[in-house]
Amino acid sequence: MSKIIVIEGTDCSGKETQSKLIQEKLTKLGYKVVVFSFPMYDTPTGKIVGGSFLGKPEISKSYFNNPSNVDGKVASLYYAADRLYNIKKIEEYIKKNYIIFFDRYTTSNMAHQGSKIKNKQERLNMYKWIEELEYNLLGLPKPDITIFLHMPYKEACILKQNRTYLDEVEKNKEYLINSEKTYIELSKLYNFNTIECVKDNKIKTIEEINEELLSIVLKEIK
């Protein structure tokens with residue numbers, strides 16, 4: 001039976017690294033596993049998100065002066081379109097009973113677009129609007145579980161010093177702090193499985209985080 005597992009996380013939490021590592025471990029255990037990362041920057045819709053919207057230099061310049069200030073519903077449509085465009089390749093793996101990991105998914109839309117809204121009720125309404133858009137109107141599959149990697153902003157800044165390039169969103173301190181708060185809010189509202197990436201003021205190793213991740217995943221798929 002296929003399982004869809006979403007890995008979400010704040011900036012510098014290592015979502016991509018953890019997704020690849022968990023794939024390697026589960027494959028060695030005999031499971032059929034595939035990982036998809038959204039946006040899919042190598043596809044037409046992903047290039048629109050990465051280039052025209054976010055302005056990643058390896059793709060193209062953004063048409064927006066500041067993507068983090070774009071209306072949440074407008075921004076949501078870009079990301080939702082990328083998921084819908086690529087859903088057929090995912091459905092093939094569902095039919096073959098793969099364990100499917102999504103490095104970011106609908107809940108990323110909720111967190112990042114919700115972070116732009118100060119009023120709590122309006123923010124909750126945005127969450128519901130995105131759920132309606134992606135799951136009901138577009139018919140995207142709902143995940144079986146969502147795992148949230150929480151890297152606090154202060155520690156994320158330390159890790160970010162090693163990056164050679166930051167896009168406009170990654171440079172925006174206020175936006176990233178608000179996104180962290182929104183992710184925490186979502187994790188409580190939707191019962192995410194949360195992994196704290198910092199313990200006793202020390203950043204956990206990649207392997208420590210992955211062992212926690214593996215434990216959660218094995219409970220879900222066995």
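Quick note: the coordinates plus some simple rules give every number you see, no bench work behind them. Worth saying up front: this structure is predicted, and the values here are computed from it rather than measured. Note: ideal-geometry Cβ built from the backbone for every residue, glycine included; neighbour counts use all protein chains shown.
Contact order, relative form, for the chain: 31 percent (alpha carbon pairs under 8 Å, 6 or more residues apart, mean separation divided by residue count).
Here r is the Cβ-Cβ distance between residue 32 and residue 214 and R0 is 25 Å; the resulting FRET efficiency, rounded to 0.05, is 0.95. Computed from the alpha carbon positions, the gyration tensor of the range 56-131 leads to an equivalent ellipsoid with semi-axes of 26, 19, 9 Å, biggest first. Sequentially through the range 49-66, phi angles give Karplus couplings (6.51, -1.76, 1.60; θ = phi - 60°) of 5, x, x, 4, 8, 7, x, 5, x, 6, 10, 5, 6, 6, 7, 9, 5, 8 Hz, Gly and Pro residues having no value and appearing as x.
Label separation (residue 61 vs residue 144): 4.7 nm, computed from points 7 Å beyond Cα along the C-beta direction. Full extension of the chain segment joining residue 91 with residue 23 gains 22.6 nm, where the gain is 0.36 nm per residue of separation less the Cα-Cα distance. Counting every pair of alpha carbons in the range 29-89, the share spaced more than 18 Å apart comes to 39 percent. Entry note: the range 1-123 has Rg to Rh equal to 1.01, where both radii use alpha-carbon atoms and Rh is the Kirkwood radius.
The alpha carbons of the chain give a radius of gyration and a Dmax of 16.8, 48 Å, in that order.
Computed over the range 1-120, relative contact order equals 42 percent, with contacts defined as Cα pairs under 8 Å that lie 6+ residues apart. The range 57-90 and the range 108-135 have Cα centres lying 16 Å from one another. Semi-axes of the equivalent ellipsoid of the range 123-184 are 28, 13, 13 Å, computed as sqrt(5λ) over the eigenvalues of the C-alpha gyration tensor in descending order.
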